[in-house]
């Protein structure tokens, strides 16, 4: 009978729908229009910070002193993503990256009905950011700096671009889903960790692929420049890497953390039950006390 009940319980668990993965505490049943607006604005801020800094560095435009260097792009991207995660994360989940959205959806942790609207909002924000960069820095931003689009350096093959984009996006998305879904991590700490992950990924992959790590950020500026060099690599590699990162965290890392937590809870429950059973209620006789009572007293 125990085997049957155990099997029935396993069947019931298998039939349960997979719960959605909420990033930064964002309620998926909330207002979709607000979420889409947040995704568009957040992606625009992220892409604008990166492209404007990259264009300023390429054109040698100083603020006070020497012009920007490569590390300025790293700092701009990391800081912008940290600000977006902290400020807009609770509104939309702070995806601002199709690799995050598709990765969650493929793993069953995000509704497919929201995927296309989210991606459309992200690409809209990226194109808007490229347009703002163009307006701020003039035609030279497009003709000389390519609006900060992630074009690969000369001599870099499409295979190396795919490898760099996959590695960088995997690191970024893994950190996003790890810290943004853990209630034990304060929102500010999660935002800083996500920004640091993007900065690290840009440093590692920037010299190889230009560090797109985000199909919207890579292809959005290309749309206004009119050159789509190896665009498919900046689309396919991040989407595949993002899906792999979410799957690894959901099926291995997160599951291990949950099993450890469940085991600890069972041990605590068993300990409490054991200590409670040892307590004798007032007037209650322990097992074996009955034999010590005289027969005459038991007959009363």
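Taking 0.36 nm per residue of separation and subtracting the Cα-Cα distance, full extension of the segment from residue 37 to residue 182 would add 49.7 nm. The fewest-to-most ranking of 200, 205 by surrounding Cβ atoms within 10 Å reads 200, 205. Sorted fewest first by neighbouring Cβ atoms within 10 angstrom, 92, 107 come out as 107, 92. For the modelled label position 7 Å from the Cα of residue 204 along Cα-to-Cβ, which residues of the range 180-195 have backbone nitrogen atoms closer than 20 Å? Counting backbone N atoms under 20 Å from the label point, the list is 180-181, 190-195.
Spin-label model, residue 59 to residue 251: label points 7 Å out along the Cα-to-beta-carbon direction sit 4.8 nm apart. Projecting label points 7 angstrom from Cα along Cα→Cβ for residue 115 and residue 228 puts them 2.0 nm apart.
Hydrodynamic estimate: the Kirkwood radius of the range 20-258 over Cα pairs, inserted into Stokes-Einstein at 4 °C and 1.567 mPa s, corresponds to D of 74 µm²/s. Ranked for footprinting exposure by Cβ neighbours inside 10 Å, fewest first, 134, 231, 112 give 112, 231, 134.
Coordinate-derived values only; no laboratory data. Only a predicted model underlies this, so the values are computations on that prediction, with no experimental measurement involved. When we count neighbours, we look across all protein chains shown, and the Cβ atoms used for this are built from the backbone with ideal geometry, even at glycine.
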